[in-house]
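Novice: So that we are looking at the same thing, I have put the structure below in structure tokens.
The values are calculated or read from the model by the stated rules, or taken from the named source; none is laboratory data. In this text, all values refer to a predicted model and were calculated from it rather than measured experimentally. Here the Cβ positions follow ideal geometry from the backbone for every residue, glycine too, while neighbour counts run over all protein chains shown. With ligands, DNA and RNA removed, areas are computed over all heavy atoms of the protein, side chains included. Shrake-Rupley method; radii C 1.70, N 1.55, O 1.52, S 1.80 Å.
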Amino acid sequence: MKTEAKTVFRRIKRLTFSAVAIMLILFAGNTSAQSHEKKDSEKWKSPARTALNVCPGGVAFGFYSANVEHLFGENHGLVLRGDLETIPKTYSDTNIDANGKAVILNYRYHFGGGLNSFYAGAFGRYRKINGDGTLETGKFDFSLPECTVGLNVGKRWIWESGFTINFALGYGYAYDELKVNNSSQAAIDAINVFSNDYAFMNGFLGEFSFGYAF
């Protein structure tokens with residue numbers, strides 16, 4: 001069962017990388033074509049300056065995420081996001097019990113002006129996973145802090161009612177440093193198995209969220 005799960009996650013990883021690449025290509029095409037689109041005055045622009053969003057789809061997988069974006073001027077958006085992960089015990093033979101927390105700061109440049117437009121930007125994320133497990137030699141616990149810096153693209157839609165949907169994909173360079181309380185080789189090997197199976201997309205940033213803009 002675990003082997004099948006690992007195969008699925010590897011496939012998800014490949015699909016994710018492909019989705020990021022496709023999103024970047026489509027975004028580049030959209031940007032180059034914007035000069036041929038109808039004038040901004042002919043489009044409805046949301047007057048909203050702030051948007052609150054949550055990601056309900058992740059709840060079924062033990063992932064909880066919420067963010068707030070505020071628009072400065074016509075084009076500059078700043079996002080503060082918080083993530084909470086409850087991680088299943090199926091990622092290693094030692095049944096590691098782990099959870100993760102992350103804080104993300106994301107700058108977005110909205111090309112169309114206003115929040116309801118295509119955007120590109122940069123993000124920084126601090127994420128920390130804490131866990132513990134049991135071996136024949138005894139119990140161990142660990143922490144895995146991680147810092148990621150990267151780029152992302154996306155699009156926000158806003159209806160006149162204030163309802164908003166946001167979709168974004170990004171990827172960056174991630175640096176982590178394992179800290180183990182019990183530094184036995186067996187414990188380190190078990191944590192490495194867990195890390196390879198679970199944190200396989202540690203440079204990836206994605207969002208598909210719903211919320212309210214005002």
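Novice: Rank these by accessible area, largest first, 1.4 Å probe: 118, 214.
Specialist: Most to least solvent-accessible, the answer reads 214, 118.
Novice: Kindly identify region 61-214 as rounded, prolate or oblate by the Cα gyration tensor criterion: order the square roots of the eigenvalues as a ≥ b ≥ c, call it rounded if a/c is under 1.5, otherwise compare a/b with b/c, prolate if a/b is larger, else oblate.
Specialist: prolate
Novice: Work out the charge dipole of region 149-214 with +1 on the Cβ of Lys and Arg and -1 on the Cβ of Asp and Glu about the Cα centre, then indicate which of 205, 182, 194 is farthest towards its positive end.
Specialist: My answer, from the dipole projection, is 205.
Novice: Can you give the FRET efficiency for residue 132 and residue 61, using 1/(1 + (r/R0)^6), R0 = 30 Å, r = Cβ-Cβ distance, to the nearest 0.05?
Specialist: The value I calculate is 0.90.
Novice: What does a probe at residue 50 reach in region 112-134, counting residues whose amide N is under 20 Å from the point 7 Å along Cα→Cβ?
Specialist: Inside the label zone: 114-117.
Novice: Hey, any idea what % of region 77-181's accessible area is carbon plus sulfur with a 1.4 Å probe?
Specialist: For region 77-181, the apolar C and S fraction of the accessible surface comes to 59 percent.
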